[in-house]
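Read through the structure below, which is laid out as structure tokens, and then see the notes.
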Protein chains: 2
Amino acid sequence: MKEPYLKALREKIIAAFESYGGTFERTPWQHHSGGGGEMAVLRGDVFEKAAVNFSAVRGETFPGKDGMGPFYATGVSLITHMRNPMAPTVHFNIRYIETPEKSWFGGGYDLTPMGFPFTEDTEHFHRIAKEATGEYYEELMERAKEYFFIKHRKKERGVGGLFFDHRPMEFEPTWKSVGDTFLDAIMPIYERRVTMPYSEEDRQKQLAMRAHYVEFNLLYDRGTKFGFLSGGNPEAILCSMPPIATW
Amino acid sequence: MKEPYLKALREKIIAAFESYGGTFERTPWQHHSGGGGEMAVLRGDVFEKAAVNFSAVRGETFPGKDGMGPFYATGVSLITHMRNPMAPTVHFNIRYIETPEKSWFGGGYDLTPMGFPFTEDTEHFHRIAKEATGEYYEELMERAKEYFFIKHRKKERGVGGLFFDHRPMEFEPTWKSVGDTFLDAIMPIYERRVTMPYSEEDRQKQLAMRAHYVEFNLLYDRGTKFGFLSGGNPEAILCSMPPIATW
């Protein structure tokens, strides 16, 4: 019963983002060995680009080192790239995976200011993350710190958040809590930032920071690797890329 | 005696590119375990961004599966991103590597139209490549076809060229010939293309094609991987990235 929860959560997020104007363009796709998903991409004035994807795929051979044989994987994956450089990028993903040997939960959310970090935003984001995960917070926050690290630049991608993977069935309530609190974590930040004034120079700084985001996604992100290795739809995997980046 | 050849060739290329206006900005860098290199980046009106780098590094542990223990690696690596969408991107690299067990040559050049391929250009580029490599042409051309392939998009990166690696000492004359003919391969193409008229729509198409180039470089390129694994300077490795790309 993960799919109904994921689908409903996704619609709630889509509606919240659309309240700033624009409509998500939805593109369903089929996985070659079973199932599929739906990309939804918004290109608007406030959300310069946002992607909120759902997928539920089955395959004969689990890619990577986490298993062999058939698998089932479902999840919601989301990234925003805001027009206003003062508004950070946010990434959110929750996923559930089944193989014959075991099943597990993964996911998290993390915040990436694009050149303009605000302590107030970081504190708010982490406060919600802590409320969502309780006793797990310290651990999941540390995991995010490790995971969202741009090795070649020797820096964290952003200001952190939550990251977890391979969590057993008992973790489901926390997994859901991460899903349920995502909008509380990000929307008050956007409310404050998307109307702030900014200069062309600020915009240039934002575009340069987005390049680091591209580097992380293509060089280190497991979701991207998993997507390509499992024969996922490249358009769906890469719709997380920023609308524009500069080097 | 590879370094003097590489350095002289690089200066010849830099002078040829600068003849279209602008000056390369040169940034020397040191490798943590010995040697170093010099990035040279031009940001101009015709060459929107070009990088022509030299490096000669020593290290204690050869990265990857080609060897163990100490190594010496020297080479010239080059990428252009042209303002005019009718003018293709070109990539050129020649390198020489020594380990205690063996030494070898690698390199090649390949052409990537950014949405606007011209048969005349492809034919010219391959004619020069064939003259440069003679009996090896078919093989090196096939290797380029395989190597410069964007797996997740199931397409070649561009219109091909030459690619080789792990070539023994007898290959040095061909390696040099690849270096010596690079400007003949590309400059007549630029001469024809950089003054062609183009529309804003053409520009948008070019920027979208550049995104595929970014994907290749970060997901598949061995030079990028080798660079990061061997502790190379990230600025030098990533100065090959396009000045601007869109997704």
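Among the residues making up the range A:129-172, those that are within 14 Å of chain B (Cβ to nearest Cβ) and not aliphatic (A, V, I, L, M) are A:PHE149, A:LYS151, A:HIS152, A:ARG153, A:LYS154, A:LYS155. Is the range B:190-200 home to any residue that is in a helix (DSSP H, G or I), farther than 25 Å from B:ALA129 by Cα and open to solvent by 50 Å² or more (accessible area, probe 1.4 Å)? For the range B:190-200, residues in a helix (DSSP H, G or I), farther than 25 Å from B:ALA129 by Cα and open to solvent by 50 Å² or more (accessible area, probe 1.4 Å): present.
Open to solvent by less than 30 Å² (accessible area, probe 1.4 Å) and either not in a strand (DSSP E or B) or not hydroxyl-bearing (Ser, Thr, Tyr) (or both): does that describe A:TYR213? Taking the combined requirement at face value, the residue satisfies it.
Would you call A:PRO100 of a type outside the set (D, E, K, R) and under 27 Å from B:ILE237 (Cα atoms)? Criteria not met by A:PRO100.
Scanning the range A:36-61 for residues that are of a type outside the set (Asp, Glu), surrounded by fewer than 19 Cβ atoms within 10 Å (Cβ to Cβ) and farther than 22 Å from A:ALA8 by Cβ gives A:ARG43, A:GLY44, A:THR61.
Selection of the range A:226-247 for residues being under 21 Å from A:GLY107 (Cβ atoms) and more than 9 Å from every other protein chain (Cβ to nearest Cβ) yields A:PHE226, A:LEU229, A:SER230, A:ASN233, A:ALA236. In the set A:ASP184, A:ASP180, which member is in contact (Cβ under 8 Å) with a residue 60 or more places away in the chain, of a type in the set (D, E, K, R) and open to solvent by 30 Å² or more (accessible area, probe 1.4 Å)? Matching residue, one of A:ASP184, A:ASP180: A:ASP180. Within the range B:147-167, the set of residues being open to solvent by 60 Å² or more (accessible area, probe 1.4 Å) and either free of Cβ contacts under 8 Å to residues at least 24 places away in the same chain or on the phi < 0 side of the Ramachandran plot (or both) comprises B:PHE149, B:LYS151, B:LYS154, B:GLU156.
Here A:TYR20, A:TYR5 are screened, and the one residue that is of a type in the set (Phe, Trp, Tyr), surrounded by 15 or more Cβ atoms within 10 Å (Cβ to Cβ) and out of contact with any strand residue (DSSP E or B) (no Cβ under 8 Å at 6 or more places or on another chain) is A:TYR5.
Contact map, the range A:36-57: residues that are outside any strand (DSSP E or B) paired with residues that are basic (Lys, Arg) and open to solvent by 20 Å² or more (accessible area, probe 1.4 Å), Cβ distance under 7 Å, separation 6+ or inter-chain. Pairs shown: A:ASP45/A:ARG83; A:VAL46/A:ARG83.
Using the structure shown, decide if B:GLY107 is surrounded by fewer than 22 Cβ atoms within 10 Å (Cβ to Cβ) and either of a type outside the set (Lys, Arg) or in contact (Cβ under 8 Å) with a residue 60 or more places away in the chain (or both). In short, no.
The residues on offer are A:THR122, A:THR133, and the sole one that is more than 15 Å from the chain's Cα centre (by Cα), more than 26 Å from A:GLU201 (Cα to Cα) and among the β-branched types (Val, Ile, Thr) is A:THR133. The residues of the range A:207-225 that are at the interface with chain B (Cβ under 8 Å from one of its Cβ atoms) and in contact (Cβ under 8 Å) with a residue 24 or more places away in the chain, listed by number, are A:LEU207, A:ALA211, A:VAL214, A:GLU215, A:LEU219. If the condition is being open to solvent by less than 20 Å² (accessible area, probe 1.4 Å) and small (Gly, Ala, Ser), then the range A:68-82 contributes A:ALA73, A:GLY75.
The values are calculated or read from the model by the stated rules, or taken from the named source; none is laboratory data. Note that this is a predicted model, so its numbers are computed, not measured. Virtual Cβ from ideal backbone geometry, glycine too; neighbours counted across all protein chains shown. Remember, those area values only see protein heavy atoms, side chains included, never the ligands or the DNA or RNA. Shrake-Rupley method; radii C 1.70, N 1.55, O 1.52, S 1.80 Å.
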